[in-house]
1. Short version: ³J(HN,Hα) in whole Hz for each residue of segment 111-124, in order, from phi by Karplus 6.51 cos²θ - 1.76 cosθ + 1.60 (θ = phi - 60°), x for Gly and Pro, what are they?
2. In segment 24-176, carbon and sulfur make up what percent of the accessible area (probe 1.4 Å)?
3. In whole Hz, what ³J(HN,Hα) sequence does segment 28-42 give by Karplus (6.51, -1.76, 1.60; θ = phi - 60°), x for Gly and Pro?
4. Counting pairwise Cα distances across the chain, what percent come out greater than 31 angstrom?
5. What number, rounded to the nearest 500 deg cm²/dmol, is the helix-based mean residue ellipticity at 222 nm of the chain, given -39500 (n - 2.57) per DSSP H run of at least four residues and division by all its residues?
6. Quick one: which residues, 5 or more positions from residue 143 or on another chain, have an amide H under 5 Å from its amide H? H modelled 1.01 Å from N in the peptide plane, none for Pro or chain starts.
7. Near residue 153, within a Cβ-to-Cβ distance under 10 Å, what is the net charge of the other residues, with Lys and Arg +1 and Asp and Glu -1?
8. Given H placed on each backbone N at 1.01 Å, which residues far from residue 180 in sequence or on other chains put an amide H within less than 5 Å of it?
Amino acid sequence: MTYFNYNCLDAVSSEGFRAQKPYPWAHMRGTLTDEGWNKLRETLPDISQFERRVGVKRAYGQAPHNRGILHYREGMVCAEPWKEFIAELHGKAYDSFLRRMLGLKPDQRIILTMEWYYAWQGCSVSPHCDARRKLATHIFFFATDEDWPREWGGDILILDSEGRYKAHSAPSFDDLKVAASLDLRKNGSLLFQRTEHSWHGVRPLQSPQPDIYRKLFIVTVNIPTFQVFWRRVRGKDPDGFYIRATA
């Protein structure tokens, strides 16, 4: 089966994307087919498979991004719908979509990495700009009103520094203007391009219990940099994880 709703992807204007302020982003509704989204939601990996990262120090004095991470590696065990979806992410149609949106030449190399992110009560994503090797990020949120009511938080904030902060700094939410607050639940997704001012974040989650999780799947579009090359020499992907699953 096909997971992407290509009518949705085809309808997104690349010119409108690149003209967005304060940096290129597109909030898409119905990104996946209804059947595909439901199959993926029903077969999400269990939190027991995740590495819990709490209190991990970040550069430039930024607050920790507490969450559980499951990094996709070639050959890892996952549900069949996820294997099919990841194969589609590596297909020609999605590659063409990314190249159109990001203004890439046909021969310009990109490397996709993927992770499931689960977050719980009190977790937040402090304002930050991504690493320079990350050309763009595509975020998918797998939740309904029943799974995750909007009042629990979790909107992704598009933040505007108005030119006052360098990417390698640590402004707070109060230091930045909220350009958009995006609700990605119910088959929404967000594609944004990394720039020197692509600030974004998520305020602390307000779910009533610590064992209720906000569940995202994130695709990162990486470009070859020296860091990426050096990690590859050591058998690692651009995110620093060994390329193949060990079990």
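1. Working through the residues one at a time gives 10, 8, 10, 9, 8, 8, 10, 10, 10, 10, 2, x, 5, 8 Hz.
2. Numbers: 3490 of 7320 Å².
Answer for segment 24-176 is 48 percent, counting heavy atoms of protein chains only.
3. Values per residue, Gly and Pro as x: 10, 9, x, 4, 10, 5, 4, 5, x, 4, 5, 4, 5, 4, 6 Hz.
4. Details: 5931 of 30381 pairs.
Counting every Cα pair in the chain, those more than 31 Å apart make up 20 percent.
5. Details: 6 runs with 50 residues, N = 247.
Value at 222 nm, helices only, nearest 500: -5500 deg cm²/dmol.
6. Under 5 Å from the amide H of residue 143 lie the amide H atoms of 186, 187, each far enough along the sequence or on another chain.
7. Working: positive: 150, 203, 214; negative: 151, 155.
Result for the neighbourhood of residue 153: +1.
8. 158
The values are calculated or read from the model by the stated rules, or taken from the named source; none is laboratory data. Computed from a predicted model, the values in this text were never measured in an experiment. Glycine also receives a Cβ, built like all others from the backbone with ideal geometry; neighbour counts cover every protein chain displayed. Remember, those area values only see protein heavy atoms, side chains included, never the ligands or the DNA or RNA. Shrake-Rupley method; radii C 1.70, N 1.55, O 1.52, S 1.80 Å.
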